[in-house]
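**Q** My questions will all concern the structure given below.
The values are calculated or read from the model by the stated rules, or taken from the named source; none is laboratory data. Treat the numbers as computed from the prediction; the structure is a model and nothing was measured. All Cβ positions, glycine included, derive from the backbone under ideal geometry; neighbour counts span all protein chains shown. With ligands, DNA and RNA removed, areas are computed over all heavy atoms of the protein, side chains included. Shrake-Rupley method; radii C 1.70, N 1.55, O 1.52, S 1.80 Å.
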Amino acid sequence: MLTRRAALMGAAGLAAAPLAATAAKAGEAMVITDAVEADLSTLPRRKVELVKPPFVHAHDQVARHGPEIVEFQMTIEEKEIEVDKGAYLQAMTFDGSVPGPLMVVHEGDYVELTLINPATNSLPHNIDFHSATGALGGGALTLVNPGEMTKLRFKATRPGTFVYHCAPGGPMIPWHVVSGMSGAIMILPRDGLSDDRGRPVSYDKVFYIGENDFY
């Protein structure tokens, strides 16, 4: 018996099919042909040195001026880590820690990341930001083999805290993620945090903790 629910689901599937086929033919990367290149030549630049969790790099809770380009650099490390006394994991990491470092910017800033995959590694890697849109969150643009490096820049358009992770494709995605390749980026509103009534909220200390299950 054909129900209304089944008919609606079938129609949705038919509507989505052309888009899926187009994405597959494009190698899973969507290209926007009418995008306008932004002139970033007048924006100030600021280099940030990332720190290992649970600590967070120095940052302003309220933006002091207009948007800027915030430069980060991360090195991918494939290494053995001790997850419990006498228990070891052959891990894949961003900057040597699990989770990877927390990045902090303000809404409207541009995130510019240099991602390095040293020749000492054995696998290709990339980075997928859930805070970015297009090109699989940057994953389709950042795949680097051992001995290569790449640079990605995107505009932080939505405040919140978002995960980033390695997404080299297919079954490699869950393998790289559960082996340690995930982290987070916090995008603060330009005027800082506020409560449900719009009153300013600030913090004296901040710590960054990520959950990973190892079996």
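**Q** Specify which of the listed residues (Thr150, Thr161, Thr120, Thr114) is among the β-branched types (Val, Ile, Thr), over 15 Å from the mean Cα position of the chain (by Cα) and modelled with pLDDT of 95 or more. Quick ask: steps written out before the conclusion?
**A** Values: Thr150 fails: over 15 Å from the mean Cα position of the chain (by Cα); Thr161 fails: over 15 Å from the mean Cα position of the chain (by Cα); Thr114 fails: over 15 Å from the mean Cα position of the chain (by Cα).
None of the other options fit; the residue is Thr120.
**Q** If we keep just the residues of region 82-99 that are in contact (Cβ under 8 Å) with a residue 24 or more places away in the chain and part of a loop (DSSP other than H, G, I, E, B), which is farthest from the chain's Cα centre (by Cα)?
**A** Gly96
**Q** Working only within region 179-215, note down all residues that are in contact with a His (Cβ under 6 Å, 6 or more places away or on another chain) and either part of a strand (DSSP E or B) or exposed (fewer than 13 other Cβ atoms within 10 Å of the Cβ) (or both).
**A** Ser182, Leu188
**Q** Additional query: Pairs only if they're at least six apart or on different chains, beta carbon under 7 angstrom, first in region 168-196 and aromatic (Phe, Trp, Tyr), second open to solvent by less than 30 Å² (accessible area, probe 1.4 Å); list them, first residue then second.
**A** Listed pairs, sorted by first residue: none to list.
**Q** Since Thr133 meets every condition but one in (1) assigned to a loop (DSSP other than H, G, I, E, B); (2) under 16 Å from the mean Cα position of the chain (by Cα); (3) within 17 Å of Ser182 (Cα to Cα), which condition does it not meet?
**A** (3)
**Q** Between Lys79, Lys52, which is assigned to a loop (DSSP other than H, G, I, E, B), open to solvent by 40 Å² or more (accessible area, probe 1.4 Å) and within 23 Å of His176 (Cβ to Cβ)?
**A** Details: Lys79 fails: assigned to a loop (DSSP other than H, G, I, E, B).
Among Lys79, Lys52, only Lys52 is assigned to a loop (DSSP other than H, G, I, E, B), open to solvent by 40 Å² or more (accessible area, probe 1.4 Å) and within 23 Å of His176 (Cβ to Cβ).
**Q** With the structure loaded, tell me whether Thr161 is assigned to a strand (DSSP E or B), open to solvent by less than 50 Å² (accessible area, probe 1.4 Å) and either polar (S, T, N, Q) or farther than 24 Å from Gln61 by Cα (or both) or whether it fails that test.
**A** no
**Q** Does any residue in region 146-158 that is assigned to a loop (DSSP other than H, G, I, E, B) come within less than 6 Å, Cβ to Cβ, of a residue that is β-branched (Val, Ile, Thr) six or more places away or on a different chain, and which pairs are these?
**A** Ala156/Val105; Ala156/Val111; Ala156/Ile187
**Q** Please specify each residue of region 61-74 satisfying the condition of being out of contact with any Lys or Arg (no Cβ under 9 Å at 6 or more places or on another chain) and more than 16 Å from Ile185 (Cβ to Cβ).
**A** Result: Arg64, His65.
**Q** Looking at region 131-144, is at least one residue at pLDDT 95 or above, among the aliphatic types (A, V, I, L, M) and farther than 30 Å from Asp39 by Cβ?
**A** No, region 131-144 contains no residue that is at pLDDT 95 or above, among the aliphatic types (A, V, I, L, M) and farther than 30 Å from Asp39 by Cβ.
**Q** Would a scan of region 100-114 turn up a residue that is out of contact with any helix residue (DSSP H, G or I) (no Cβ under 6 Å at 6 or more places or on another chain), closer than 11 Å to Gly180 by Cα and either open to solvent by 40 Å² or more (accessible area, probe 1.4 Å) or in a strand (DSSP E or B) (or both)?
**A** Looking for residues that are out of contact with any helix residue (DSSP H, G or I) (no Cβ under 6 Å at 6 or more places or on another chain), closer than 11 Å to Gly180 by Cα and either open to solvent by 40 Å² or more (accessible area, probe 1.4 Å) or in a strand (DSSP E or B) (or both), one finds none in region 100-114, hence no.
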